[in-house]
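Notes follow the structure.
The values are calculated or read from the model by the stated rules, or taken from the named source; none is laboratory data. Small disclaimer: the values here were computed from a predicted structure and weren't measured. Glycine also receives a Cβ, built like all others from the backbone with ideal geometry; neighbour counts cover every protein chain displayed. Please note that ligands, DNA and RNA were not included when accessible areas were found on the heavy atoms of the full protein model with its side chains. Shrake-Rupley method; radii C 1.70, N 1.55, O 1.52, S 1.80 Å.
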Amino acid sequence: MPISLITFRLHGTIPAATGRELQAERRRAHEAGAEHRRAQKQFFAAFDAVLDRAPIGPRYFDSEKMAEALAGEILMLEETGFAVLGFAILPNHVHLVVLLPETSNLSFAKAIDLLHLRTGTACRRLVRPKLPPEAEFWQVGWQEYEVQDEAELTRLLAYVRGNARAAGLPARFQEWPYVNE
């Protein structure tokens, strides 16, 4: 049964030049012969560090109403056959550790697309005055990192749980109910 750490973010939260630079670094690591998983880990660490610094873009999940809407939809993934092992909602992005049972007819891609659609619609209503109808809510796509073993799962869940503290967010983010394990 595949378990993955999935990270998705609000639209416009990484400067375009920074995104291109991160992708170029990942390509260079592969071309230099770096092992794929190591290159993925390095890319993810750099990608997440940029999101944690929040240099640009919206921070909609500073609002507890917005975070609550997203948390509810994340937990609804369990109704579609996924097991939500842990998640953290940060001001501009989300970390989600999920298990997809082999018997499920729904792929990670389809589940995240549905989650984007449902949460985008619900959250858009909450920010209507700030967000024009034609504006994007979520950045297209997501980062996925497949968990290899139980030890790695334990490390990733600890990372998700401690991400708000590591990002230097206020205590309310470290203690609020939108970090689940």
Note on the chain: helices (DSSP H) long enough, at least 15 Å by alpha carbon along their axis, and hydrophobic enough, mean Kyte-Doolittle at least -0.5, are 64-76, 108-126, 150-166
Prolate/oblate/rounded call for region 51-181, Cα gyration tensor, a/c under 1.5 rounded
oblate
Taking only C-alpha pairs under 8 Å that are 6+ residues apart, what is the relative contact order of the chain in percent?
35 percent
Segment residue 165-residue 118, extension gain: residue separation times 0.36 nm, minus the distance between their alpha carbons:
14.1 nm
Accessible area (Å², 1.4 Å probe, nearest 10) - residue 102
140 Å²
Roll a 1.4 angstrom probe over the protein heavy atoms and tell me the percent of accessible area of the chain that is carbon or sulfur.
53 percent
For the chain, what does the helix formula give at 222 nm: sum of -39500 (n - 2.57) over DSSP H segments with n ≥ 4, over the residue count, nearest 500 deg cm²/dmol?
-16000 deg cm²/dmol
I need the calculated FRET efficiency for the pair residue 146 and residue 65, taking r as the beta carbon distance and R₀ as 41 Å, to the nearest 0.05.
0.80
Mind grabbing the accessible area of residue 76 for me, 1.4 Å probe, Å², rounded to tens?
90 Å²
What are the lysines whose alpha-carbon lies under 26 Å from the alpha-carbon of residue 65, with same-chain residues fewer than 8 places away excluded?
110, 130
With the 1.4 Å probe rolled over protein heavy atoms, region 1-154 has an accessible area per residue in Å² of 51 Å²
Highest-MSF residue in the chain out of 106, 96, 85 [GNM, Cα springs under 10 Å]:
106
